[in-house]
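Data first, discussion second: the structure below is written as structure tokens.
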Amino acid sequence: MNNAVQALEVLKPEQISAGQVLRVHEKIQDLNAKGEARERIQVFEGLVLGVRGKGASKSFTIRKETDGFGVEKIFPLSSPNLSKIELVKAFKTRRARLSFVKGFGRRLKELVSKKTKTA
């Protein structure tokens, strides 16, 4: 099987932690040229800087680089606008908040998932 094609893991809200690269699918409601409302899915992919709150007020912050600018977005987990959260990869971290990543590039070690040997 080709390594370039990977199945992304769909996460539950309680599995999100700092140091993961997530792909968040968010429902956006727009108006077209005629003034009619339409709904589409927009994908935001970036590094989780931290998770805050408990229960219904739990939220997480994601950061990505776009054209040399850092963009951060806060997503509440209980939002009905979140359709899917996918795990792209995970980094080993020793902190709960990764605010130090903002100043210089990513100096994080990637976690390697343990693969089982098939006979």
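Here are some notes:
- All conditions in (1) assigned to a strand (DSSP E or B); (2) touching a Ser or Thr at 6+ places or on another chain (Cβ under 9 Å) hold for Ser17, with the sole exception of (1).
- Only one entry of Lys102, Lys58, Lys109, Lys117 meets the criterion of being of a type outside the set (Ser, Thr, Tyr) and at pLDDT 90 or above, and that entry is Lys58.
- The number of residues in segment 36-60 being assigned to a strand (DSSP E or B) and more than 30 Å from Arg95 (Cβ to Cβ) comes to 5.
Results for (1) free of Cβ contacts under 8 Å to residues at least 40 places away in the same chain; (2) among the hydroxyl-bearing types (Ser, Thr, Tyr); (3) in a strand (DSSP E or B); (4) in contact with a Lys or Arg (Cβ under 6 Å, 6 or more places away or on another chain), shown as yes or no for each residue.
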site	(1), (2), (3), (4)
Lys34	yes, no, no, no
Ile62	no, no, yes, yes
Val71	yes, no, yes, yes
Arg97	no, no, no, no
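- Yes/no for Phe69 being closer than 19 Å to Lys102 by Cα and touching a strand residue (DSSP E or B) at 6+ places or on another chain (Cβ under 8 Å): no
- Top-ranked residue in segment 61-99 [being under 26 Å from Gln29 (Cβ atoms) and aromatic (Phe, Trp, Tyr); ranked as modelled with the lowest pLDDT]: Phe69
- Filtering segment 61-78 to residues that are β-branched (Val, Ile, Thr) and either loosely packed, with under 12 Cβ neighbours inside 10 Å or over 10 Å from the mean Cα position of the chain (by Cα) (or both) leaves Thr66, Val71, Ile74.
The values are calculated or read from the model by the stated rules, or taken from the named source; none is laboratory data. Note that the structure is predicted; figures quoted are calculated from it, not measured. Note that each Cβ is placed from the backbone with ideal geometry, even for glycine, and that neighbours are counted across all protein chains shown.
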